[in-house]
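Enquirer: After the structure tokens below, expect a handful of questions from me.
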Amino acid sequence: MQHFWIVGTDTDVGKTAVTTLLMRQFQRQNLRVTPFKPVQTGEVHENDHSYYYDTTVYEKYSLQVLRTESLNGYSFKEAASPHFAAQLEVQQINVHYLLQQIQVLQQSNDMVICEGAGGLFVPLDLQRKITLLDVIVQSKLPVVLVTRTTLGTINHTLLTIEALHARNIDILGIVFNGNSGSLIEQDTMKTILQFHDLPYAIIPQLQEIGQLVDYSISHTSLFERLVNDETSVN
Ligand SMILES: Nc1ncnc2c1ncn2[C@@H]1O[C@H](COP(=O)(O)OP(=O)(O)OP(=O)(O)O)[C@@H](O)[C@H]1O
Ligand SMILES: C[C@H](N)[C@H](N)CCCCCC(=O)O
Ligand SMILES: [Mg+2]
């Protein structure tokens, strides 16, 4: 088994959905699995209750008891880029602290699934020009890339893969998320795989998160790659 990142070509592509789906899939294999969201932004206010979406989804759908305090590094109220959301609260993101948390989690879990915030080049520390990608490099963990299936995603996906390759980050596979089965979407996925022959899974556009987190990818080449331990050549 291994620890890895769930990264995306953008915000809102389905990283939390895929993190939660994979968490459940491997918890069912009796593995001790924890998700970790280093930085989340955008406090949600519902009636008299406020919460953060990503870590709330993890806890709601986990098949194991998760330690709330170890699911997240920083949470900022403004639904903005982490560097700006932190600035608005006069806070600074300490990247070393995040890397330490990821290290500690790996000691007590069979699988740690770290979810990025937005896309790769999201700034965490503007002063030092540190982005999420720098944290991924320093964590020395591989990634699973989540991408849309709709028009525009060929470019976004190839750019993201280019950035990962340039830093020798191992890509375990791609999740094409939100497929509605159109001809263009089918061609889009085929085209991306023509450029990069990677393990993958396709998740259809579903009605709601409850269905999503139970969508099985056990029949896919991505699942196979995640189950195998050897490092992949990508
Ligand atoms: N395959 C799908 N079918 C239907 N809805 C989906 C699908 N995947 C994701 N969603 C919905 O799209 C929204 C965005 O997904 P999600 O929160 O997982 O994105 P994200 O990449 O984690 O965003 P962020 O960058 O904020 O962390 C959520 O409401 C989620 O339930
Ligand atoms: C608020 C959103 N849901 C994410 N948490 C943060 C997305 C940051 C995107 C920054 C950018 O690429 O412009
Ligand atoms: Mg998310």
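Enquirer: For an R0 of 35 angstrom, estimate the FRET efficiency from the Cβ-Cβ distance between Ser182 and Ala79 and round to the nearest 0.05.
Expert: On the way: r = 30 Å, r/R0 = 0.85.
The value I calculate is 0.70.
Enquirer: Return the subset of Lys37/Lys129; Lys77/Lys129; Lys140/Lys190; Lys60/Lys190; Lys37/Lys190; Lys15/Lys190 for which the Cα-Cα distance in this structure is over 25 Å, preserving the input order.
Expert: Numbers: Lys37/Lys129 20 Å; Lys77/Lys129 22 Å; Lys140/Lys190 29 Å; Lys60/Lys190 34 Å; Lys37/Lys190 31 Å; Lys15/Lys190 21 Å.
From the list (Lys37/Lys129; Lys77/Lys129; Lys140/Lys190; Lys60/Lys190; Lys37/Lys190; Lys15/Lys190), the Cα-Cα distance tops 25 Å for Lys140/Lys190; Lys60/Lys190; Lys37/Lys190.
Enquirer: Please give me, ordered by residue number, the GluC sites (Glu not before Pro) of the stretch 127-234 that lie in loop per DSSP and have at most 12 other Cβ atoms within 10 Å.
Expert: Glu208, Glu230
Enquirer: Which whole number of Å³ per residue matches the convex hull of the alpha-carbon atoms in the chain? If you can, show how the numbers build up before the last one.
Expert: Working: hull volume 29.6 nm³, N = 234.
Roughly 126 Å³ of hull volume per residue.
Enquirer: May I pose another question? Hey, rough spin-label estimate for Leu158 and Gln100, points 7 angstrom out along Cα→Cβ, what's it come to in nanometres?
Expert: Taking the two extended label points, one gets 4.3 nm.
Enquirer: If you keep only loop residues by DSSP, which trypsin sites (Lys or Arg not before Pro) in the stretch 48-152 have at most 16 other Cβ atoms within 10 Å of their Cβ? Mind showing how you got there, number by number?
Expert: Details: sites: Lys60, Arg67, Lys77, Arg128, Lys129, Lys140, Arg148; in loops: Arg67, Lys77, Arg128, Lys129, Lys140, Arg148.
Those satisfying the criteria are Arg67, Lys77, Arg128, Lys129, Lys140.
Enquirer: Could you give me the radius of gyration and the Dmax of the stretch 147-234, taking only the C-alpha atoms into account and expressing both in angstrom?
Expert: 13.4, 37
Enquirer: Mind checking the full-extension length gain between Leu31 and Arg167? Use 0.36 nm per residue of separation minus the Cα-Cα distance, one decimal, nm. Intermediate values should be presented prior to the final figure.
Expert: Values: separation 136, 0.36 × 136 = 48.96 nm, distance 2.98 nm.
Separation in residues times 0.36 nm, less the Cα-Cα distance, equals 46.0 nm.
Enquirer: Quick one: what does P(r) look like for the stretch 130-174 with 10 Å bins over all Cα pairs, in whole %?
Expert: Reading the bins upward from 0: 26, 55, 18, 1.
Enquirer: Still on this structure, please answer the following. For the stretch 1-119, I need the span (max minus min coordinate) of the C-alpha atoms along each principal axis, in Å, sorted largest to smallest.
Expert: Over the stretch 1-119, Cα extents along the principal axes are 41, 35, 27 Å.
Enquirer: Be a star and scan the stretch 1-34 for residues whose amide nitrogen sits under 13 Å from the point 7 Å along the Cα-to-Cβ vector of Leu88.
Expert: Inside the label zone: nothing.
Enquirer: If you don't mind, there's one more thing I want to ask. Considering only DSSP beta bridges where both residues belong to the chain, give the percentage that are antiparallel (nearest 5). It would help to have the intermediate numbers written out before the result.
Expert: Numbers: 6 of 31 bridges.
Given both bridge residues lie in the chain, the antiparallel proportion sits at roughly 20 percent.
Enquirer: At 0.36 nm per residue, and after removing the present C-alpha to C-alpha distance, how many nm does the segment from Val65 to Ser218 gain when stretched out fully?
Expert: Details: separation 153, 0.36 × 153 = 55.08 nm, distance 2.30 nm.
Going from the current span to full extension adds 52.8 nm.
Enquirer: What does the helix-only formula give at 222 nm for the chain: each DSSP H stretch with n ≥ 4 adding -39500 (n - 2.57), the total divided by the residues, and the result rounded to the nearest 500 deg cm²/dmol? Walk me through the numbers on the way to the answer.
Expert: Numbers: 9 runs with 89 residues, N = 234.
It comes out at -11000 deg cm²/dmol, rounded to the nearest 500.
Each reported figure results from applying straightforward, stated rules to the coordinates on display, with no laboratory input. Worth saying up front: this structure is predicted, and the values here are computed from it rather than measured. Note that we place each Cβ from the backbone using ideal geometry, even for glycine, and neighbour counts take in every protein chain shown.
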